[in-house]
Amino acid sequence: MTQTQTLPPRIIRRNAVIGMFGVSKTTFAEWQNPKSKRYRPDFPKRVQLGVNSVGYLESEVTAYIHKLAEQSSNTEACND
C-alpha cells in the first residue's frame, strides 16, 4: 500500500515571489494596491508573519502563475 504524503503549506517571502515573476518591487506593490491602475484583485493575498514581515503561500503563487500562463496560451490561440 502506498502512502500519500501531504506537505504542509509553505510560505515564501516577498523577494522570492518577486523573483518568480521577474518584476520590479514597484510593479509588485502596484499589483496589490487597489488604488493603482495595475491592481490585480485576483493576486494571491499576503500572509502577515510579524509586525514588519509578510509572506505568500507558495501554492497560491504557483497556481496564479499557471493561471497567467494558461490565459496567455489561450490568447495566443485566439490570435492565430
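None of the figures in this text is laboratory data; all of them are computed from the coordinates on show. These figures come from a predicted structure and were not determined experimentally. Because the Cβ atoms are built from the backbone with ideal geometry, glycine has one as well, and the counts that use them run over all protein chains shown.
Structure data summary
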| item | result |
| --- | --- |
| Correct option for percent of Cα pairs over 16 Å apart [calculated from the coordinates] among (1) 51; (2) 57; (3) 62 | (3) |
| Protection-proxy order for peptides 40-49, 5-14, each taking the mean of Cβ atoms within 10 Å per residue, highest first | 40-49, 5-14 |
| The chain, relative contact order [Cα under 8 Å, separation at least 6], % | 29 percent |
| SER53-ARG14 pseudo-label distance in nm [points 7 Å out on the Cα-to-Cβ vector] | 1.3 nm |
| Ellipticity estimate at 222 nm from DSSP helix runs (n ≥ 4, -39,500 (n - 2.57)) divided over the chain, nearest 500 | -15000 deg cm²/dmol |
